[in-house]
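Report on the structure given below.
What follows draws every value from the coordinates through simple rules; no lab data is involved. Nothing here was measured: the structure is a model prediction, and the numbers come from that model. Note that each Cβ is placed from the backbone with ideal geometry, even for glycine, and that neighbours are counted across all protein chains shown.
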Amino acid sequence: MAAVWAGLTAFVWYAFGALPLHLEVAGQLGLSSAESSSWIFIIWFSSAITSIALSLYYRLPIPITWTIPGLIYLGTLSGQFTFSELIGANLMAGGAIVLLGAFGIGEKIMAWLPLPIVMGMFGGSILVYVTRMISASVDDVLVAGVTLASYLIGRFIANPRIPPMGLAVIVGGIAVYVFGETSMHLVSWSLPVLVQPGVSFSASAFVAVSLPMIILVMGLGNVQGLGFLISQGYKVPITSITIVAGLNSMINTVMGGHPATVARTGAAILAGPDAGPKQGRYWACVIAAALTILIALGAGTLTSLLAVLPRTFVVTLAGLAILSSLQSAFETAFGGKLRFGALAALAVAATPFSVFGITSAFWAILAGIAASLMAERHELFDYWRSGKEA
C-alpha cells in the first residue's frame with residue numbers, strides 16, 4: 001500500500017505540477033491545438049512506457065519523464081526560433097545524449113560546466129514566469145489572485161494529503177467557473193491528434209537550444225535523479241538509463257516533443273522510504289507511469305482547454321508550478337561557492353537579447369565563467385580539479 005500511495009502522489013504531481021506548465025509553454029510558442037495535442041501525447045506516453053519497462057526489467061523505481069527545466073527554457077525562446085528549428089535542436093540533443101551516454105563522457109563534460117553557474121543561468125531564464133504570475137494576480141484578483149492564495153494556504157497547511165498545487169487547481173478552477181468568462185461547451189472531448197512537424201537544423205539553434213538541453217537533461221535530471229537512487233542503496237545502470245533517455249528524447253521529436261530525462265521529483269517520491277520496502281518500490285513507479293497514460297490519451301481534450309481557460313489562470317498555474325524549480329536553482333547557484341559567477345549568469349540570462357542569432361542563455365554561461373575567472377578563480381579551479389579527480 002505504501003507503493004500505491006507513492007504512485008498516486010507522483011501522479012498528482014505530474015498532473016497538477018507539470019501539466020499546467022506544459023499548456024502554458026505550448027500557448028507561448030503559438031502552437032496549434034493539433035501540435036499541442038501531439039506534443040502532450042508523445043512525451044507522456046513514451047515516458048510512461050519507458051518507465052514501466054525499465055522498472056520491471058531492473059526491479060528499480062526508474063521514473064522517466066520529460067525535462068521540466070528544458071520545457072521552461074523552450075518557452076523563453078518564443079519568437080526566436082521556428083517550431084521546426086526547435087524540433088531539429090531537440091533531435092540533435094537526443095542524439096548527443098545517446099552518444100555521451102554510450103562513451104561515458106557525459107559526466108566529464110558536466111564536471112567542466114560549473115553547476116552553480118548553470119543554475120544561475122537557468123534561474124535567470126525562468127524568473128519571468130514568476131513575474132508574469134505576480135502581474136496576473138494583481139490584474140485578475142478574483143481568479144489568478146484566488147489561485148495564488150489557495151497555493152499559499154496549501155503551503156501553510158503543510159499536509160501531504162493536500163498538495164498545494166492540487167488545492168490551487170481545484171479552488172482556482174472554481175473561481176474560473178464563478179468569476180471567469182468561459183464556455184465549457186467549447187471544450188472538444190477527443191482523443192489526441194498526432195502530428196509530424198517539420199524538422200529544420202541550424203547552427204544557432206544547436207548552440208542556443210541543443211547544448212542547454214543536454215546540460216539540463218544530463219546535469220539536472222539524470223545526475224540528480226540517478227544520484228538519489230544511488231543514495232537509497234540501489235545499484236543503478238547509469239549508462240543504460242542514459243542511452244534509453246536519449247533514445248526516448250529522439251522518439252519524442254517525431255511527434256513534436258522535447259527531451260526525456262530521469263524525473264528528479266518523481267525519483268524522490270517513488271524511490272524514497274515513504275514508498276515502502278526497498279525491494280518493492282519499483283511498483284510505485286509502475287503505478288504512477290500507468291496512470292500518466294490517461295493524461296496522454298486525454299491530450300486532445302487538455303489542449304482544447306487553452307481556448308477556454310482565462311489566460312491569467314494558466315499563467316498563474318505555470319508560475320506556481322516552477323516555484324520549486326526556481327527555489328532549487330537559487331539554492332544551488334548561491335548556496336555554496338562560485339556565487340559571483342552564478343549572479344553574473346543570472347543577470348545575463350534574465351536580460352533578453354541575441355548575438356549572432358544566439359540567445360542570452362548561452363552567453364550567460366560564458367559570462368558566468370568569465371566572472372568567476374576574474375573574481376573567484378581559485379574556487380573555479382578547485383571545482384574543475386575536483387571534477388577531474390571524480
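Within the range 250-275, name every residue whose backbone N is under 17 Å away from a label modeled 7 Å from Cα of SER231 along the Cβ vector. Once the point is set 7 Å along Cα→Cβ of SER231, 262-275 turn out to lie under 17 Å by backbone N, inside the range 250-275.
In this structure, VAL4 and ARG59 have a Cβ-Cβ separation that, at R0 = 22 Å, corresponds to a calculated FRET efficiency of about 0.80. Of the DSSP H helices in the chain, those with a Cα length along their own long axis of 20 Å or more and a mean Kyte-Doolittle hydropathy reaching -1.0 comprise 33-58, 83-103, 115-139, 164-179, 238-254, 282-297, 360-375.
Multiply the residue gap between ASP382 and LEU191 by 0.36 nm, knock off their C-alpha separation, and tell me the result in nm, one decimal place. Stretched fully, the ASP382-LEU191 segment lengthens by 63.4 nm. Were the residues from LEU294 through VAL138 laid out at 0.36 nm apart, the gain over their Cα-Cα distance would be 52.7 nm.
Model label sites at ALA370 and ASP274, defined 7 Å from Cα along the beta-carbon direction, differ in position by 4.5 nm. By the beta-carbon count within 10 Å of each Cβ, the least crowded to most crowded order of ILE287, ILE153, fewest first, is ILE153, ILE287.
For the chain, treating each Cα as an identical point scatterer without solvent, what Debye log10 I(q)/I(0) comes out at q = 0.08, 0.09, 0.12, 0.14 1/Å? Rounded to two decimals, the profile gives -0.39, -0.50, -0.93, -1.30. Dipole orientation for the chain: of the candidates ALA361, LEU77, ILE214, ILE214 has the Cα lying most toward the positive pole (charges on Cβ; Lys, Arg +1; Asp, Glu -1). Among GLY298, GLY256, GLY70, the residue with the largest mean-square fluctuation in a Gaussian network model of the chain, with springs joining Cα atoms closer than 10 Å, is GLY298.
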